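Single-structure report; data block below.
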Amino acid sequence: MIVPLSQPYLGEEEIDAVVAVLRSDRLALGPRTAEFEQLFAQAIGTKYAIAVNSGTSGLHLAVRALGLGPGDEVITTPFSFVASSNCILFEGATPVFVDADERTFNIDPALIEAAITPRTKAILPVHVFGESADMEPIMAIARKHGLRVIEDACEAIQATYQGQTVGTFGDVAVYGFYPNKQITTGEGGMIVTNDEAIYDYCLSARNQGRATDMQWLTHVRLGYNYRISEMTAAMGAEQMKKLPQIMALRHEKAVRYMELLSGIAGLRFPDGWTEPSHSWFVFAVRVDAGIRDQLLDILNANGVQSKAYFSPCIHLQEFYMRDFGYKEGMFPMAELLSKETIILPFFTSISEEQMLYVQTQLQAAIAQLHLAV
Ligand SMILES: *Cc1c(COP(=O)(O)O)cnc(C)c1O
């Protein structure tokens, strides 16, 4: 048996919706884009949502909307997908890493103030794995020092923190819809904000710097083509209609999975993920760093598609080390999490049989490794 690492949750609704767009004569900037945006803003609880062609494009526009550039420092986490830091580099600003907190896997608020300098302009927390960063102290620090906040919520659709939906804390937040995310459009992203100026900027900048009331060939600022197509947006709107069902299924499956795997010695589960505040993105467990890579080899050889996540950390990616002088040992918690964490197959439609297969294979692999040491 092969159990895939992830799998999109799509039905006839998405297929019909894409085909209907193809049969229409409106393939871009049409009603399905507006609908996707409206459903998204409603689900998060923000005034505005702007659809873009990837999460990375959305992060780039968020950084530009706040006017961050050369000489500015942005405090962020090294334990993330590389795009959350690259978006700062796109504009020539400097990412300043702060180590992760062991419980949330996210930026440790206790370490933020020591990293603030006169050049610090913003904080960019990431809600990795669908678990909210510790937003209360982060927002308090931002207010105290007059810093803007960009939330990378790409992995955390509808996660909450103290009852408030993630993505509504900062000035602007960004989501992604790559096929491994909770909902997918193949490629795609969404920016959300309550700030009209940010909204106006993002609408214009995603569309070649046009003003909404202007002619097609009149441009008021430097812009990009970060638009999504109507086919993509139609898929997104259909996925949004299923979001409550998708979130409920993911929660139910994850709880069952944890029950099945909790008897296996040597696995450690992240704290608090079975709470309704968590948005199930991946199923992550921690194992002994000494057996991690061998365990992954055995699992993958036996059809249990698993990965080291996030490994390496952003500061240990080759070009970050080369261009910024980052070295191993600088962010010990992020590095520890990076050496111990694996993600197991997990997706909305994972079956009992597939979860049982993972349980059996994991049990056998760990027994084999412990016998070997
Ligand atoms: C998925 C993701 C993104 C955006 O990815 P795209 O592939 O550009 O849509 C950004 N940050 C994090 C943390 C992500 O997981």
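Looking at GLU196, GLU155, just one residue is surrounded by fewer than 18 Cβ atoms within 10 Å (Cβ to Cβ) and either charged (D, E, K, R) or under 21 Å from MET235 (Cβ atoms) (or both), and that residue is GLU196.
Scanning the range 170-205 for residues that are more than 17 Å from ALA156 (Cα to Cα) and within 14 Å of the ligand (Cβ to nearest atom) yields a single hit, GLY186.
When we screen LYS253, LYS242 for residues that are within 30 Å of LYS339 (Cα to Cα), in contact (Cβ under 8 Å) with a residue 60 or more places away in the chain and surrounded by 13 or more Cβ atoms within 10 Å (Cβ to Cβ), the only hit is LYS253.
Condition check for ALA49 on (1) more than 13 Å from the ligand (Cβ to nearest atom); (2) in a helix (DSSP H, G or I); (3) closer than 30 Å to ALA237 by Cβ: one failure, at (2).
Would you mind stating whether ALA41 is under 15 Å from ILE157 (Cβ atoms), away from the ligand (no atom under 12 Å from the Cβ) and among the small types (Gly, Ala, Ser)?
In short, yes.
Of all residues in the range 81-118, exactly one satisfies the criterion of being under 20 Å from PRO137 (Cα atoms), hydroxyl-bearing (Ser, Thr, Tyr) and buried (at least 19 other Cβ atoms within 10 Å of the Cβ), namely THR104.
Being on the phi > 0 side of the Ramachandran plot and hydrophobic (A, V, I, L, M, F, W, C) holds for only one residue in PHE129, PHE81, PHE90, and it is PHE129. Any idea which residue in the range 291-304 is surrounded by the most Cβ atoms within 10 Å (Cβ to Cβ), counting only those that are within 29 Å of ASP99 (Cα to Cα) and in contact (Cβ under 8 Å) with a residue 60 or more places away in the chain? The qualifying residue surrounded by the most Cβ atoms within 10 Å (Cβ to Cβ) is LEU295.
The numbers here are math on the coordinates, done by the rules we state, and not lab data. In this text, all values refer to a predicted model and were calculated from it rather than measured experimentally. When we count neighbours, we look across all protein chains shown, and the Cβ atoms used for this are built from the backbone with ideal geometry, even at glycine.
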